[in-house]
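Data first, discussion second: the structure below is written as structure tokens.
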Amino acid sequence: MTSPRQVVVCGAGVVGASVAYFLARRGVAVTVVERSGVACAASGKSGGFLALDWCDGSPLEPLARASFALHAKLPREVGTDYGYRRMDTFMLVARERGAPAGRHRVEAPRWLDGDGVVTALLGSTATTAQIHPARFTAALVDAARGHGAVLRTGVVEDVIQRDGVAHGVRVSGEILEADAVVLAMGPWTGRFSRRLRLPGVTGLKGYSVTLVGADVPAHALFVDYRTADGRNLEPEIFPRPDGDVYVCGMADPAPLPDSPDDVAVSDAACETLARAAGRVSTALAAARIDRRQACYRPVTADGLPVIGRVPDAANAYVATGHGPWGMLNAPATGLALAELITEGAASLVDLRPFDPARRR
Ligand SMILES: Cc1cc2nc3c(=O)[nH]c(=O)nc-3n(C[C@H](O)[C@H](O)[C@H](O)COP(=O)(O)OP(=O)(O)OC[C@H]3O[C@@H](n4cnc5c(N)ncnc54)[C@H](O)[C@@H]3O)c2cc1C
């Protein structure tokens, strides 16, 4: 096999950025094609929470463990501070109205002084961590550019094939030739599923807010929360090193729009999330909402990502469908796919559970 010299990576979310970084580091000439902006979708609006062992017991275990280890090394390797730090992680129960019965079941950090009950320590600084998702994704793209990669704005419309071999992509009406193509357009990769015989990929919408004005420690919180009108929600709260506190949750069945620029934000959903945060801590109750956001995580029917060779198009590859763990699993995905593309096989992790040719 001849290693490809020119590779087009479609999509500048965290997965495309990671593939581009590891390919560029191996001396491949990479062009990243992005329709809107680097990290404009889920990769810029996600929690950025990382866990060593929360995928244990599933086919994701080796990918997640390899990725958690890569995350620990990448800040030095990339040479950028994008807010990587280890955290302790707690589980709480809270209600929009009233207080749950019982007392804290583990020692509760003092800043959790609202009406919540701390029920468990879910992770420690040995097993849980965080990154700032948008800054991490941008740092990978910048590092790839430092190794010669080029970022191009445009809409990828099709994969160009001759006799079952991919030769590039059509970008906003123009042909961009390449020796290999990587599809990493998050949930929008699903738009190519039928014509390339890939497992279906769809988008699951979620909301998030960032709060400013609360000076709180590096403790991640997973909350079992009931609203006053009886809805059960599971907000996640991540204080960040830059002083913001990120809160997400609230799944919404709204269909994926054609462009990430057209994702609508519900003020009501964002207010609900901010209120939930305020129920567990007086510091969060006093904080102000800075950003209201919505985005779509890429999901598959079997809950596993799709990583590897496109079945019927030689030299075409895909990496998407990472669901709730795309920030965690992007580095190992990027490195393993770069190995597959340049060496013909991935040695970091076994990619067979994620084979794009699996039953659709
Ligand atoms: C609310 C929320 C919180 C989350 N929290 C976490 C967390 O704490 N930890 C974790 O590990 N994961 C988390 N995730 C999951 C994670 O964010 C996603 O799995 C990950 O961001 C997906 O990255 P991606 O690169 O595959 O897709 P995306 O981020 O969607 O990127 C795809 C890119 O492709 C571009 N694109 C689309 N179509 C085209 C086209 N035709 N041509 C060119 N470019 C195109 C888009 O503009 C976009 O930039 C969360 C997700 C959500 C929704």
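Diffusion coefficient (Stokes-Einstein, Kirkwood radius over C-alpha pairs, 25 °C, 0.890 mPa s) for the chain: 118 µm²/s, rounded to a whole number. Antiparallel DSSP bridges in the chain: what percent, to the nearest 5? Bridges in the chain are about 65 percent antiparallel.
Quick check for me: using +1 on Lys/Arg Cβ and -1 on Asp/Glu Cβ, what's the dipole size of the range 62-166 about its Cα centre, in debye to the nearest 20?
Numbers: 14 positive and 11 negative charges, 65 e Å.
In debye, rounded to 20, the range 62-166 gives about 320.
Counting other Cβ atoms within 10 Å as a rough exposure proxy, the listed residues W54, W188 run W54, W188 from fewest neighbours to most. Think of it as helices only: each DSSP H run of n ≥ 4 in the chain is worth -39500 (n - 2.57), and spread over all residues that comes to -7500 deg cm²/dmol at 222 nm. For the chain, the dipole from Cβ point charges (+1 on Lys and Arg, -1 on Asp and Glu) about the Cα centre works out to 200 debye, to the nearest 20.
Distance from the Cα centroid of the range 291-360 to that of the range 217-256 is 26 Å (rounded to whole angstrom). Full extension of the chain between D302 and R195 yields a length gain of 36.5 nm, computed as 0.36 nm times the residue separation minus the alpha carbon distance.
Annotation: amide H-H contacts under 5 Å for L204 (H modelled 1.01 Å from N, sequence separation of 5 or more, or interchain): R297, V299. Couplings 3J(HN,Hα) for the range 297-306, derived from phi with the Karplus relation 6.51 cos²θ - 1.76 cosθ + 1.60 (θ = phi - 60°), are 7, x, 10, 10, 5, 9, x, 10, x, 10 Hz, where x marks Gly and Pro. Amide H contacts for G123 (H built 1.01 Å from N in the peptide plane; partners 5 or more residues away or on another chain; cut-off under 5 Å): T89. Computed extension length for E174-V150: 7.0 nm, one decimal, from 0.36 nm per residue of separation with the Cα-Cα distance subtracted.
Read-outs: derived from the displayed coordinates by stated rules, not from any lab. Keep in mind it's a predicted model, so treat the numbers as computed, not measured. Note that we place each Cβ from the backbone using ideal geometry, even for glycine, and neighbour counts take in every protein chain shown.
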